[in-house]
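First comes the structure, then the notes that go with it.
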Amino acid sequence: MTYWTLNAFFLLPAAGVCAAALLARRRRPRFYAAAAAVTAAVLLALTAVFDNMMIRVGLFWYNNDRISGAFAGAAPLEDFAYPLAAVLLLPALWILLPGRAPEPGAPRPGTASRPGTASTPGTASTPDTVSTPDTAHPVPKENP
């Protein structure tokens, strides 16, 4: 198996998910293409620099029978498939998967008024439970 064949197992699904995200057209920011292009440029440049350094000092090497023979310095072009797959896949998943953040202006989870607390402005709140340093779970407040 060549490295391009191995890369196809990563690149084809990543490209498919990216295409699905682009076709979905939901929650895609205006700057999606520009951000992906800048991210790709940075990741590919870092891959070129560090892969060349690691290959030249002998940390790893490639079987010449399994690579295409095209190089960027000492690094074969096949090495650049993984950052490309990351640039395609990760932003696409960000678009396709549901978000966890509340809508702007909505109360955040855990901040709504709880039973046993005063909700009238100007009054002190008296919680029904207290937290102790030795446990993360609230324990019932003892009555004096």
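Read-outs: derived from the displayed coordinates by stated rules, not from any lab. Everything quoted here is computed from the prediction, not taken from an experiment. So basically every Cβ, Gly included, is an ideal-geometry build from the backbone, and we count neighbours across all protein chains shown.
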* Structure fact -> Net charge (Lys, Arg +1; Asp, Glu -1) of residues whose beta-carbon lies under 14 Å from that of Leu11, Leu11 excluded, is -2
* **Net charge over other residues, Cβ less than 15 angstrom from the Cβ of Asp79 (K, R count +1; D, E count -1)** => 0
* Structure fact -> To the nearest 0.05, the calculated FRET efficiency linking Ser68 and Ala33 through their beta-carbon distance, R0 being 25 Å, is 0.35
